[in-house]
Amino acid sequence: MKPYLHHAGNLVHFQWNLDCSVGKGGANSLPADVFYLQWYYSLAAQHPLTPEDRKSIYRQVRINGICRGSDDDPLVAAIFAHQRALNHPQVDGKVSVAQGTGKIGVSAYFILRLGARLANMYPSQWPRLDLIPSCPALVAQAVHAAIPSV
């Protein structure tokens, strides 16, 4: 996980990005990135604005830092369901690292869309993910590493 500044017109938004792709056919090699996405889906499974059909899929995701990248992985299933629901331009079951302008055509990279939802779910804590209850230790470490020190 690493910080990312997303430019949207005249506005600049702080977002969290990945260091490697996660999901179907993704690198799935950095536990902090996998933990971040698994944790996101566990939070979304409990959020009142998440539709019930997706909650049942999201509840299957376990926070263990491991993604096999195959169709039978619960994280892959959650990513697919979410991408379909958002009509994301790439419904591939994978969350890619945001690059360049942060857009795929006219849509933001999926990781940035997840971050925006997380920011709306926890506006008082965003972008300090470590202040959100149940934040995984490796995610908290990434947050702490991004905080400037004197």
Residue pairs within 6 Å by beta carbon, gap of at least six or interchain, first lying in the range 74-93 and closer than 20 Å to residue 39 by Cα and aliphatic (A, V, I, L, M), second in a helix (DSSP H, G or I) and modelled with pLDDT of 95 or more, listed first then second, are 75/38; 77/57; 78/41; 78/57; 78/58; 81/54; 81/57
The range 1-37, subset out of contact with any strand residue (DSSP E or B) (no Cβ under 9 Å at 6 or more places or on another chain) and more than 28 Å from residue 70 (Cα to Cα), residue surrounded by the most Cβ atoms within 10 Å (Cβ to Cβ): 11
Yes or no: the range 85-106 includes at least one residue that is exposed (fewer than 13 other Cβ atoms within 10 Å of the Cβ) and in contact with a Lys or Arg (Cβ under 9 Å, 6 or more places away or on another chain). no
Hits in the range 73-112 - residues which are closer than 23 Å to residue 63 by Cβ and of a type in the set (Ser, Thr, Tyr): 96, 109
Which numbered condition residue 126 fails, given (1) crowded, with 17+ Cβ neighbours inside 10 Å; (2) not in a loop (DSSP other than H, G, I, E, B); (3) not polar (S, T, N, Q): (2)
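Does residue 145 count as assigned to a helix (DSSP H, G or I) and within 20 Å of residue 41 (Cβ to Cβ)?
On the way: assigned to a helix (DSSP H, G or I): yes; within 20 Å of residue 41 (Cβ to Cβ): no.
The answer is no for residue 145.
Specify which of the listed residues (138, 114) is buried (at least 19 other Cβ atoms within 10 Å of the Cβ) and assigned to a helix (DSSP H, G or I).
Values: 138 fails: buried (at least 19 other Cβ atoms within 10 Å of the Cβ).
When all the criteria are applied, what remains is 114.
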Criterion first (in contact with a strand residue (DSSP E or B) (Cβ under 9 Å, 6 or more places away or on another chain) and either without any contact (Cβ under 8 Å) to a residue 24 or more places away in the chain or basic (Lys, Arg) (or both)) does residue 123 satisfy it? no
Looking only at helices (runs of 4 or more DSSP H) that lie completely in the range 1-105, which have at least 2 residues being aliphatic (A, V, I, L, M) and out of contact with any helix residue (DSSP H, G or I) (no Cβ under 6 Å at 6 or more places or on another chain)? 31-46, 74-85
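The values are calculated or read from the model by the stated rules, or taken from the named source; none is laboratory data. The structure presented is a predicted model; accordingly, all values stated were derived computationally and were not measured. Don't worry about glycine lacking a Cβ; one is built from the backbone with ideal geometry, like all the others, and counts go over all protein chains shown.
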